[in-house]
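Written below as structure tokens is the structure these notes are about.
Derivation of every value follows stated rules applied to the coordinates shown; laboratory data play no part. Given the structure is predicted, the values throughout are model-derived calculations rather than measurements. Using ideal geometry, Cβ is built from the backbone for each residue, glycine included, and neighbour counts are taken over all protein chains shown.
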Amino acid sequence: MDSNATFNENPTSALSSIYTTQAFAVMEVNESLFNASTLAPEVEQSLDFWITKLVFYCIILLGSSLGNSLVIYIIACNARMRTPSNYLIMNLAVCDFVTPLFSIPFDFVLEEHNYVWIYGASMCKILWPLTTLSSTSAALTLAAISLDRYRVIMHPFKARLTMVKIKCIIVATYLFCLLMVTPYSYVLGLKGNECLETWPDISYKKYYTLGLFLVQYCLPLTFMVIMYSLALKNLYTTTDKTSTRKAERKEQAKMSSTPHNSSTSAEPKLKKVSSTVRLVRKLSSTVRRGTTEANKRATKMFLAIVVVFTICMFPNQALWLWADFSNGADNPNFLKAVIVCWLFTYSNSVCNPVIYAVFSRDFRRGFKRAFKKAFCLRHRHRRVFNPDLVATLTTELKSVGMDIERRKRKNASTEAPKLYLL
């Protein structure tokens, strides 16, 4: 009885255990098949995205490092290029050089390790605040350049910013940016294997993101738009006035050109003096016209830089506003959006040297010389047009011409009564 009972119970338990294991096996197979069917398209898309990201990372890192280092080299090694305004451009090139160099390699390794932090606790507080500092400094440097261009164009006879003032502006910019990123560095810390922000309250994070948006993007862009708009308006207004005056002078010259029947002995001398003065005035007007054209080219160059800054920096700013104010971080495609916006931000560092080469003749020559020197190509040294030297020469010629004209008129006035009595 007992043996039958045990016999009857054992087969049932054995069968139930067999059915249970088979059921679990079937469930695991179905789950694996389900995961494979659902994840296969994502893996394929991620592979395409990974290849595209890698290509852009390499292009941006190489282009930014090469282009901005050449800009720094041209300004630092050319005595004629070491002007206060060009020191601001060199500071901008330093910021554009640092931002991709300290972002792309480290971020790429983090993305490959699923954002597991492998650089230590100290780098957690340094790395990302450093890139934020460099990008903020680049934006404020662009605002300082727009102020310098405004002063040159709107107040050409006032004293320009000296080297000491430019260095003070650069140091003040870095100190202000360091003050801006200090809270960010303070709240960053390691949590397990991730470098995360720990704010006392979510409202503090929102206020900080809004402050960065104002300092990095909104306020510098508004300031640059105002400065360049006023400068361009003054440039083209001055050009129109100059052309109108030229037309009026030509008309007056035509109307006043009447034949003289009588001539005196002093008249040829006076004609000779007037021709010298005309030559000096013509040279002076040529220099002024060249200066105006140079100001126009420089202003167009910096306007192109502002347009590129506006386009490249906007996606990243909009992304973090969306993440902090609309819970955009909960979106499943948020990390991909972060990478795409970073690519836009890094592209700004590549575009600036290209703009210099397109709009500036001096930088174009500097790039050519650097490439020729790098590839050991011979080049002939050509004399470069120096507007400061020509302006000094024009002033001296003008003063000499005025002295000659004054002396001749004085001699003519003293000799006139004798001729009249004779």
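Worth pointing out:
- Using a simple spin-label model with pseudo-atoms 7 Å out from Cα toward Cβ, Leu62 and Asn114 lie 3.2 nm apart.
- If the segment from Leu179 to Met402 were pulled out straight at 0.36 nm per residue, it would be longer than the present Cα-Cα gap by 74.6 nm.
- Evaluating 6.51 cos²θ - 1.76 cosθ + 1.60 at θ = phi - 60° for every residue in the stretch 118-130, the Karplus couplings come out as 10, 9, x, 6, 5, 5, 4, 8, 10, 5, 5, x, 5 Hz, glycine and proline recorded as x.
- If R0 equals 22 Å, the separation of the Cβ atoms of Met123 and Thr209 corresponds to a calculated FRET efficiency of about 0.45.
- Amide H contacts for Leu188 (H built 1.01 Å from N in the peptide plane; partners 5 or more residues away or on another chain; cut-off under 5 Å): Thr198.
- Expressed as a fraction of 2.2 N^0.38 Å, the C-alpha radius of gyration for the stretch 163-204 is 1.72.
- DSSP-loop trypsin sites (Lys or Arg not before Pro) across the stretch 76-182, with at most 16 other Cβ within 10 angstrom: Arg82, Lys158, Arg160
- Sequentially through the stretch 205-213, phi angles give Karplus couplings (6.51, -1.76, 1.60; θ = phi - 60°) of 5, 5, 5, 5, 4, 5, x, 5, 4 Hz, Gly and Pro residues having no value and appearing as x.
- For the stretch 108-160, the set of chymotrypsin sites (Phe, Trp or Tyr not before Pro) satisfying both a DSSP loop assignment and a count of at most 11 other C-beta atoms within 10 Å is given as Phe157.
- Loop-resident chymotrypsin sites (Phe, Trp or Tyr not before Pro) (DSSP state other than H, G, I, E or B) in the stretch 195-227 with no more than 16 further Cβ atoms inside 10 Å of their Cβ are absent.
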